[in-house]
Structures are given as C-alpha cells and as structure tokens.
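Quick notes on the structure that follows.
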Ligand SMILES: Nc1nc2[nH]cc(C(=O)O)c2c(=O)[nH]1
Ligand code: SF4
Ligand SMILES: [Mg+2]
C-alpha cells in the first residue's frame, strides 16, 4: 500500500501510532472518578519512573520509591514492547472505541461520554490526540489526557477543549529533576485553564516537594493520588495522605480500578 500523502489539511486520522491497549472501564482517578470511560493506552514514554535512566537490562534495579505501573508500555529491557501492541490509525482507534461503547450495539444504554488517553506518555502522539479530541467533541463526549506534563500540548489540542490530568513526577521517581520538570510545558498546561495537577504520593518527602512546585508554578487544582498496585497499598497511602492534603488545601483521589482489580491490565 502506498504511504499516505500529507495534505495542507492534514488528515490526522490516517497516521498509525503504537497502541498498548484500548479498554472500557471506570475512570479510576481524579475529578471524574467512577465515571464510565473509554481508554486509549499509547505505547512509549519519555520518562523512566523508578529508574534514573532507561534501564540497560531486565535486572536493572529500580531505585525510586515511586515506580511506573505501566512499564510494559516503554521498558524494552524488561518487556517485549511489540507483544500485544497494535499500530492503529487514529481513525481505527476511534472505531474500536465505538465498538467498545456498549451503547453502539444497545442504543437503550447511555453512551460512554468520557474518553481517557493515557500511556506511556500520550503527548508523544499529539496528532492522534487532536483527531481523537475532535471526534470526542463532535459526538458529545469529553476527553482527558493523563500526562506527565513534560511536553507542551500545543494550541490546537488546548483549543479542542481536552482536560489535562497532569501528573508531575517527584524526586521519589528517581528521574533527575531536569528531565521531569519542564517549565515551558508546566506553564502552558497551567495557562490552558484545563489542568488538574495530580501527584502520586509515596511518603512525607513528596508533600514538601508538591508544595514547592505549587508555589513555583502557581499550580491550581491539586490532587493527591495514592501509589500502589494492591488495594491494601492504595488504602494505606490514602490514610497517610489525607491529613496533609486537607492541611494544604489539596484534593485526594483513590485509584478505584486498583481497589477493584489490583494491577490487572486493561482495567
Ligand atoms: N480504570 C482506570 N482508570 C485510570 N485512570 C488513569 C489511568 C492510567 O493508567 O493512567 C487509569 C487506568 O489504568 N485504569
Ligand atoms: S511518566 Fe507515567 S508512563 Fe512514563 S514512566 Fe512515569 S509513570 Fe510510567
Ligand atoms: Mg494506570
């Protein structure tokens, strides 16, 4: 098949991107906690949470207390990144999401009105996101992007009305500050008026660092999110985070899908 030809009005829907999984679940975190949602999990990430640098081998030990819970999307030293990954055009992604929406086959059900893009790092695929955001808007749906907030989204994506669940990474991730804190991206996402800042908390040191970032960048709408891939760990971290969150004026989310399904994929 000949390669697609770029046109001035680029058809953003035709360029394939690597997708780790597409699924239908509840939004497990943040302001839309508990709402039914259609998820797109993109492959690849520009960060390496848990490790100071990309691990050289499967045995490279993680040194951060905060560890990525989706290493299978980016850590090629430990996982075969091609397993289960599909290269889909944004148009195919949208078609598959609509297939996952039970209202497509049963019009008696309410349509799933929330699309969640996660990864990996979804802002590595801005054109795909823009196509999907436009599809969402034109079908009366909203879209949220779970991002590490190190990449500027660009005016088009902001104008498309997406919300950013912007999860800045802290020292506990072991990623050097210069890689995880990108002032231009943070400023653009905050200025969009569409950001909810979400911090995964593992311990008391995280609280001071969040307060510092809030002051430095004027972050509004802060959410703490408990680290953990088991229900017991999530509940324990929520108990520890509750008082600091109330004292600092921050919100606290749980991770509903972990409470229900542990760290099962595609949930
Ligand atoms: N149910 C569910 N909700 C989520 N919200 C954010 C998720 C993520 O992995 O970014 C996620 C996830 O993996 N599952
Ligand atoms: S930014 Fe998110 S996906 Fe990327 S390594 Fe960190 S936790 Fe994992
Ligand atoms: Mg997750």
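Rank 114, 246, 12 by mean-square fluctuation in a GNM of the chain with C-alpha springs under 10 angstrom and give only the top-ranked residue.
Result for the chain, Cα springs under 10 Å: 246 fluctuates most.
Report the normalised scattering of region 1-108 as log10 I(q)/I(0) at q = 0.11, 0.22, 0.23 Å⁻¹, calculated by the Debye formula with identical scatterers on the alpha carbons.
Per q value, in the given order, log10 I(q)/I(0) is -0.52, -1.17, -1.21.
Per the helix-only calculation at 222 nm, which mean residue ellipticity applies to the chain, given -39500 (n - 2.57) for every DSSP H run of n ≥ 4 and division by its residues, nearest 500 deg cm²/dmol? Could you put the intermediate results ahead of the total?
Details: 9 runs with 84 residues, N = 267.
Calculated mean residue ellipticity at 222 nm is -9000 deg cm²/dmol.
Could you tell me the calculated FRET efficiency between residue 232 and residue 23, based on Cβ-Cβ distance and R0 = 30 angstrom, to the nearest 0.05? Don't jump to the answer; show the numbers that get you there.
On the way: r = 24 Å, r/R0 = 0.80.
With a Förster radius of 30 Å, E is 0.80.
Quick one: length gained pulling residue 263 to residue 156 fully straight, 0.36 nm per residue minus the C-alpha distance?
Details: separation 107, 0.36 × 107 = 38.52 nm, distance 3.41 nm.
So the extension gain works out to 35.1 nm.
Mind checking the angle between helix 231-248 and the chain's longest principal axis? C-alpha axes, 0 to 90 degrees, to the nearest 10.
70
Nearest 10 degrees is fine. How inclined is helix 126-138 to the longest principal axis of the chain, computing both from alpha carbons?
70
Which FRET efficiency value, to the nearest 0.05, is calculated for residue 63 and residue 104 with the Förster distance at 30 angstrom and r the Cβ-Cβ distance?
Values: r = 45 Å, r/R0 = 1.51.
Using R0 = 30 Å, I get an efficiency of 0.10.
Return a whole-number percent for the relative contact order of the chain, with Cα pairs under 8 Å and 6 or more residues apart as the contact set.
On the way: 538 pairs, mean separation 51.8, N = 267.
Averaging sequence separation for qualifying contacts and normalising by length gives 19 percent for the chain.
Please report the Cα spread of the chain along all three principal axes, rounded to whole Å, starting with the longest.
52, 44, 36
Any chance you could give the angle, 0 to 90 degrees and rounded to 10, that helix 204-217 forms with the longest Cα principal axis of the chain?
Orientation of helix 204-217: about 60 degrees from the principal axis.
Which of these, 35, 142, 180, has the largest mean-square fluctuation under a Gaussian network model of the chain (Cα springs below 10 Å)?
In the Gaussian network model the winner is 35.
How high is the FRET efficiency from residue 52 to residue 138, r the C-beta distance, R0 45 Å, rounded to 0.05?
Numbers: r = 43 Å, r/R0 = 0.96.
The calculated FRET efficiency here is 0.55.
Mind computing the radius of gyration and Dmax over the alpha-carbon atoms of region 125-229? Å is fine for both.
Computed over the Cα atoms of region 125-229, radius of gyration and Dmax are 14.3, 44 Å.
Just so you know, all these numbers are worked out from the coordinates, no wet-lab data involved. Given the structure is predicted, the values throughout are model-derived calculations rather than measurements. Using ideal geometry, Cβ is built from the backbone for each residue, glycine included, and neighbour counts are taken over all protein chains shown.
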